[in-house]
Amino acid sequence: MSGWKNKRTVMQRYDLTAEMYEERYAKEQEAKYLAALQNVSVAGCAVLDAGCGSGLFFSHVAGEVKLVFGVDISRKLLFKAKDQANAFENVMVLQADVDHLPFREGFFDIVFAFTVLQNMPKPSVTLGELKRVTKGGGKLVVTGLKKAFELNKFVDILEGKGLGMDSFIDCEDLKCYVATLSV
């Protein structure tokens with residue numbers, strides 16, 4: 001399947017499940033957020049939530065950060081994310097393809113990508129784009145669904161982009177790996 005066809009399929013799947021997204025995934029996503037936030041400080045930062053889904057992550061960081069941008073390819077999930085964003089003055093949402101982000105190089109202090117890489121046709125390309133929009137000296141926090149990535153394959157993708165591994169969480173309580181990387 002070509003890259004765009006793959007992305008369109010993912011977009012359509014999330015558009016179809018948008019109404020039940022939080023009911024289905026909120027508990028799992030919350031566990032990822034808490035694990036990720038153990039290893040980074042977001043205070044005063046400009047943050048990107050790449051693949052923001054319905055915006056559940058916003059409430060975890062909006063009170064501490066300068067700015068949060070949430071991007072997602074699913075228009076229907078973004079409608080839900082907009083409702084979450086409206087509770088905060090420093091949170092904005094935008095429909096975008098994570099492989100082609102509409103931000104200048106090094107714009108964000110910290111980039112989070114929860115449940116993104118396994119949905120992308122070329123995870124290494126996606127990781128490169130996430131790295132591009134992260135400031136030098138900034139942090140990139142990504143997850144990889146265990147059933148989609150063998151541990152060594154996921155680590156190979158991360159190491160292939162020349163990122164420093166600050167922390168790596170692989171615990172039974174999570175369905176994914178959580179990596180914090182230095183740019």
Take the alpha-carbon centre of the stretch 78-137, take the same for the stretch 30-56, and report the distance between them in whole Å.
11
GNM flexibility winner over the chain from Gly164, Gly51, Gly70 (Cα, springs under 10 Å):
Gly164
Contact order normalised by length for the chain, with contacts defined as Cα pairs under 8 Å and 6 or more residues apart; what percent is it?
21
Cα-based reach from Lys27 at 22 Å (exclusive), listing lysines while leaving out same-chain residues under 8 positions away
Lys76, Lys80, Lys82, Lys146, Lys147, Lys175
Furthest towards positive pole of dipole, Leu78, Leu101, Phe168, structure part the chain, Cβ charges
Leu101
Taking the chain and counting helices only, DSSP H stretches of n ≥ 4 at -39,500 (n - 2.57) each over all residues, the nearest-500 ellipticity at 222 nm comes to -11000 deg cm²/dmol
In the stretch 55-177, if every C-alpha pair distance is counted and binned at 10 Å from zero, what percent goes to each bin?
12, 42, 37, 8, 0
About the Cα centre of the chain, what is the dipole size in debye to 20, counting +1 per Lys and Arg Cβ and -1 per Asp and Glu Cβ, all else neutral?
560
GluC sites (Glu not before Pro) in the stretch 108-183 lying in a DSSP loop, each with at most 10 other Cβ atoms within 10 Å of its Cβ, come to Glu172
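Here, each number is a calculation from the coordinates, and none is a lab measurement. Predicted model only: the values in this text are computed from it and were never measured. Glycine also receives a Cβ, built like all others from the backbone with ideal geometry; neighbour counts cover every protein chain displayed.
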